[in-house]
Amino acid sequence: MAKVKILIEGYSGGETKGHSCSTIVLIQDKGINIVVDPGTLPNQNLLKDKLKQENLTVKDITHVFITHSHMDHYRNIGMFPTAKTIDFWGLWEGDVWKKQDKKITKDISFVKTAGHSDDSVTLLVKTKKGVIAICGDVFWKKNMPEKDNFANDHLKLNQSRKKILELADYIIPGHGGMFKV
Ligand SMILES: [Zn+2]
């Protein structure tokens, strides 16, 4: 079974006065260390320190996964010198692009969840607790936003939300902490 840990809980919205960063998540599964949405952050050392607490350095990160191509989710993608990067379009290894199977390992896969953006994808991770969905901005926070003013297709977004709620036991949203379905 894979392990999922929130390294940094994301934030955004009126109360953060213009500050915005995605929730940054670590997934570990048999020699694989995936950082999901390395975010913006005021200072990259915040994330390096969180990795250190897990006995990891940036070089131990094998993959960076990007849920969708909005800057608040991917600005720090360059922090991990040896990581492969995966997004909606496939996998990059250095300057080489390859197709990526939706099943990354036995316990880690992703599904397309368009709506907030056309290229939104959601990771589904089988853990001891159950299936955890890491969904980018399909949800920003628990039950939020009801109406996503940044979504480019509200109908698709609603379908994607339904899909995730059916598939997952827990959800890690784009800018908040984990909640139970
Ligand atoms: Zn976002």
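Quick notes on this one:
- Scanning the range 142-157 for residues that are in contact with a helix residue (DSSP H, G or I) (Cβ under 8 Å, 6 or more places away or on another chain), outside any helix (DSSP H, G or I) and of a type in the set (A, V, I, L, M) turns up just one, A151.
- The one condition from (1) assigned to a loop (DSSP other than H, G, I, E, B); (2) of a type in the set (S, T, Y); (3) open to solvent by less than 40 Å² (accessible area, probe 1.4 Å) that T85 does not meet is (1).
- Residues satisfying the stated conditions in the range 28-64, i.e. of a type outside the set (A, V, I, L, M) and under 19 Å from M1 (Cα atoms): Q28, D29, K30, G31, N33, E54, T62, H63
- Some residue of the range 71-81 being of a type in the set (D, E, K, R) and more than 16 Å from the ligand (Cβ to nearest atom): no
- For first residues located in the range 1-28 and touching a residue at least 12 places away in the same chain (Cβ under 8 Å) and over 22 Å from L51 (Cβ atoms), partners that are assigned to a strand (DSSP E or B) and open to solvent by less than 70 Å² (accessible area, probe 1.4 Å) and lie 6+ apart or on another chain with Cβ distances below 8 Å form the pairs S12/C21.
- Within the range 161-177, tally of residues that are in a loop (DSSP other than H, G, I, E, B), within 16 Å of the ligand (Cβ to nearest atom) and more than 17 Å from A114 (Cβ to Cβ): 3
The values are calculated or read from the model by the stated rules, or taken from the named source; none is laboratory data. Keep in mind that this is a model prediction, so the values were computed, not measured. Counting neighbours? That spans all protein chains shown, and the Cβs are built from the backbone with ideal geometry, glycine included. Side chains included, ligands, DNA and RNA excluded: accessible areas come from the protein's heavy atoms. Shrake-Rupley method; radii C 1.70, N 1.55, O 1.52, S 1.80 Å.
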